[in-house]
Each structure stands twice: as structure tokens, then as C-alpha cells.
């Protein structure tokens, strides 16, 4: 297993937001991690990254317990977060965004180097000098995805990547995510409000409700069940 | 002729103030800390230089050691004061009060060691006069303008052409993303305060060469620099620099029509005008 959560609990201040969250993902597996607003999806992702301390439980990545590791060490191991709406450096140009992240994250064993991300998202190569904050929503998300995968990503945590995007762009971007994950044996945890689009590319579905897992199964099983009442 | 002399005096003072404004703006736009203790680093630089110069150290050694000492002091304040407070989740107000405290400690330690009275620099060439087109200038004033323009150019080059400069801008632009892309924001904060302290060491040495040293003299330049930073557009190096020069020129030219004690009033008048008509600053978002 690449990513294993067992009995994870986390929260903010006196409030525990998630508890008893357990799942394990294999390399290349795509998980649609769904639930209503405030269900605890983002809190779980932040805990995996080390941005929020655990109150109980354990997170393992590639067999190693992560609790004592810094955020930077987790990123170096291949855990990558694409944060909701904040995945670019808006005041820098497109090329500067890519260069600063590449300088810190590309080693000898990198899977994605600068030319690779320009090949994956050619529209970025067409406008390297444009200020990133002035790109369209779709282009900003492509840049954010580029920054998340530079180097050697092994597990992508995607937090609401479709927010603000046109429906046709969402479908295209999700297909790209699936292709990249499958071709590079990269695991993905996809937190998404666009349930139908997320389930289309997922191998597995987990639904959160009030901080706990209420469904864990295949996309077809989720479709067959009465899961909509959790949203 | 008096107007021309006042204009040149304004340009000289503005050049020095421009460097204080650039350095303060760099630190504030990256760390979001209102680093009032920067005035203490500015003052300390003058006293370090004075100590070395009065012991006969060569000018280049005095400059190098003073810049290094200022960088070390800035890095120490960020690493040992601000970073510790941030780890304890201190509010911006607590950090501001801590910075004011650090400034008070630095000023009083300097006053205790050197005396609160004005000290003159023992550098004979500094006060030698040159007359250019009817305008009288000291070598220190000429050096101030040259050093200021060179430091401004070097700062722009560093932040736009080097990978470290771009990483500092990235941390200023989105510290959360910087954290999860291994740009090490806390380390960058120490570096940017050290760079800001190196820049402010230049006017910290050059202004007292002309006007003498006093332990409490750093606050007024910092106040003007703060106004230049806001009116120039927070995060804009060019904006801070240009507005600082503009303020100094207007302060000097105002002597033609109103008494000198009103010059601080001129500064705040400019500030109010900007707040009313261009609250985001003259060069907003153009770093």
C-alpha cells in the first residue's frame, strides 16, 4: 500500500472535525473522496500533508509513519497537495512559477521536468511571461497542476480542482489526471463537489458525513446505493 | 538658485530615504511583519561604522563589516523573535509590540554605550564641498545618490533575475503554496530580513556621515519610508523608491514657501492625498 490512514482524527481548536478515518490506497489508484461542505474532506487532506496535527490515529506513506515528518519532507517523499483555489503564485509570471518550484523539487529521479509540464499543458508554453494571476480559471488550474506534479510525485491530493471551471474543461482536466496517474502509477485522492465527474475517473469512492466515513466502495456500488442523501 | 539647491538636497535625502523604503517594503510585503525594529538596525549600522572608522579601519572594511553586522542583526530578530512568536501563534499586534520593544532596547543600548549626544564621523573627505552648476554638494551626498541608485538597480535585478529573488517573491505572493512546494517560507523570511538589513545599512552609514549620529534618529526615516511604501503600492520596489524621493523633494521645496517645521506635515499631506485618490498606491502590484 502507498498511502494508509488508520483511525485518523483531527480538528481545529476545541473542535474535532474528523475521527476514525481509515483507508489504504495502492499505487495508481484514484479515490473520489466525497461529502457535503464541512464533512471533513479538506481537514483529512491537511492532516495527511502535516499541515494539521493528528489528534489520534496514524498516517503511513510507503510504509513510513509520517507523524514526525515536516511538510517539506512529506513533499520530498512524493506527497503533493493541489490546494483549493490557491495553487499558484499570482504575482509571478507563468515561467517564474514553474522555475521556482522546479528549482526546489526536481532531482535526478524526477518524473516530471519543466519541458514535461509544458508538453502536458501546451497553453502554458504559449504564454510564459504572463502574470499568473491574470490567466483564465482553467489556465490557472493547469498551472497549479503543473506545480503539483513537478519532480517525483507519487500521491496527489486534489482539493476541489474543478471549482470555477467550465464543465467541458472539468471533464478534460479529470481525464488528464486519470491518464497521468495511470501512466505513472501515481495515486490520487480527489476531493470534489462535482460528484458525477469525479466518479467517472475514480477506482474507488469514499463518502464522508459529519467527519466520518459513511460509504467506502466502487463507483458502481456508490451509484447503485442511495448516497445522494449525504449531500 | 535656491530652488535648485533645495531640489538637489531633496534628491539626496530622498535617495537615502528610498533605500530605507525599499528595504522596509521588501520585509513587510514578504513577512507581513511591521518591522519597526528596522529603525534600530538603521541606527546600529551608523554606530558600527563609526566605531570602525574611529579606530582607523579602511573605508571598504568599515562598509563590509557594517553590512554584515546589520544582516546578522536582522536575521537574529527574525529568527529569534518573530519566528518564535509565530510558532506561538502571536497576533500581528503582539509582533508589532515585540518589534517596538526590540527597537527600544537597541536604541537604549546604543545610547548607554556611546552616549545620547550627537557624534560626528571622523571621516575628513565626507564633508569636503564640490560645486556643480552652482549647487553645493559634499562628497558624502554625491556618494549617497550613487550608492542609492546602484542599490536600487541591484535590488530590482536580484528579485527578477535570480532564483532566490524569485523564490522570495513567490513566498510573498502565496506563503501557503510556498510551504507545500518546499520553498521553506521561514528560511526565506530570515533571508529577506537579512537582505533588507543589508540595504538599510547603506543609508545607515551615509546619512550620519553628513548629519552625525544619534541613537533615536532612525524613527523619522522609518516613518517616511512607511508612507512611501503605502503610497508607492505595497510590494512595489520602484513605487517605494520613487515616492520616498518625491516626498523628500517636496519637503525641501516647501521650505521656499513655509517654515521647515512643517516638513513632516507635508509628508502626511502627501499620504492623505494618496489615501483619498489612489489608496492601493501609485505602483500597486508592479514589483
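Since every read-out is calculated from the coordinates, none of them should be taken as a lab result. Everything numeric in this text was worked out from a predicted model, so none of it was measured. As a convention, Cβ positions derive from the backbone with ideal geometry for all residues, glycine included, and neighbour counts pool all protein chains shown.
How large are Rg and Dmax for the protein assembly as shown when only the alpha carbon atoms are used, in Å?
So, for the protein assembly as shown, Rg and Dmax equal 27.7, 91 Å respectively.
Could you work out how far helix B:139-161 tilts from the main Cα principal axis of chain B, as a 0 to 90 degree angle to the nearest 10?
Its long axis makes an angle of about 20 degrees.
How would you rank B:276, B:100, B:143, going from fewest to most other Cβ atoms within 10 Å of each one's own Cβ?
The most exposed by this proxy come first: B:276, B:100, B:143.
I need the calculated FRET efficiency for the pair residue B:250 and residue A:84, taking r as the beta carbon distance and R₀ as 56 Å, to the nearest 0.05.
Efficiency, from the Cβ-Cβ distance: 0.75.
Under the classification rounded if a/c is under 1.5, otherwise prolate if a/b is larger than b/c and oblate if not, where does region B:1-59 fall, given a ≥ b ≥ c as square roots of the Cα gyration tensor eigenvalues?
oblate
Let me test this: with uniform point scatterers at the alpha carbons of chain B, what is the Debye-based log₁₀ I(q)/I(0) at q = 0.12, 0.13, 0.15 1/Å?
Treating every Cα as an identical point scatterer, log10 I(q)/I(0) equals -0.75, -0.89, -1.18.
Under the 0.36 nm per residue contour assumption, what length would be gained going from the current alpha-carbon distance of residue A:70 and residue A:163 to full extension?
Here the answer is 30.6 nm.
Find the relative contact order for chain B and round it to a whole percent, using C-alpha pairs within less than 8 Å whose residues are 6+ positions apart.
Dividing the mean separation by the residue count of chain B yields 37 percent.
I'd like the orientation of helix A:94-105 relative to chain A: the angle between its Cα long axis and the longest Cα principal axis, in ° from 0 to 90, rounded to 10.
60 degrees
Below 8 Å, C-alpha to C-alpha, sequence gap of six or more: please give me the relative contact order for chain A in percent.
Reported relative contact order: 29 percent.
Work out how far the C-alpha atoms of chain A reach from end to end along every principal axis, then list the three figures in whole Å, largest first.
So the three principal-axis extents are 46, 39, 34 Å.
What shape does region B:197-281 take by its C-alpha gyration tensor, where a ≥ b ≥ c are the square roots of the eigenvalues and a/c under 1.5 counts as rounded, a/b above b/c as prolate, and the rest as oblate?
The shape class here is oblate.
For chain A, with a Gaussian network of springs between Cα atoms less than 10 Å apart, report the residue from A:95, A:108, A:39 with the top mean-square fluctuation.
Result: A:108 has the largest fluctuation of those listed.
Taking each residue of A:48-55 in turn, how many C-beta atoms of other protein chains fall within 10 Å of its C-beta, and what is the average?
Across A:48-55, the average partner-chain Cβ count within 10 Å equals 1.
Just the projected area, averaged over all directions, of the convex hull on the alpha carbon atoms of region B:111-153: how many nm²?
If you wrap the Cα atoms of region B:111-153 in a convex hull and average its projections, you get 4.8 nm².
Determine, from the Cβ-Cβ distance of residue B:3 and residue A:125 and an R0 of 45 Å, the FRET efficiency 1/(1 + (r/R0)^6), rounded to the nearest 0.05.
0.25
Once both labels are modelled 7 Å past Cα along the beta-carbon direction, what's the residue B:125-residue B:216 spacing in nm?
Result for the modelled spin labels: 3.5 nm.
Which angle between 0 and 90 degrees, to the nearest 10, do you get for helix A:167-183 versus the longest principal axis of chain A when only C-alpha atoms count?
90 degrees
Provide the percentage of antiparallel DSSP beta bridges, counting only those with both residues in the protein assembly as shown; round to the nearest 5.
60 percent
Run the quick spin-label model on residue A:136 and residue B:187: label points 7 Å from Cα toward the beta carbon, then report their separation in nm to one decimal.
The answer from the label model is 3.8 nm.
Given labels modelled 7 Å from the Cα in the Cβ direction, how far is it in nm from residue A:55 to residue A:36?
So the two model labels end up 2.0 nm from each other.
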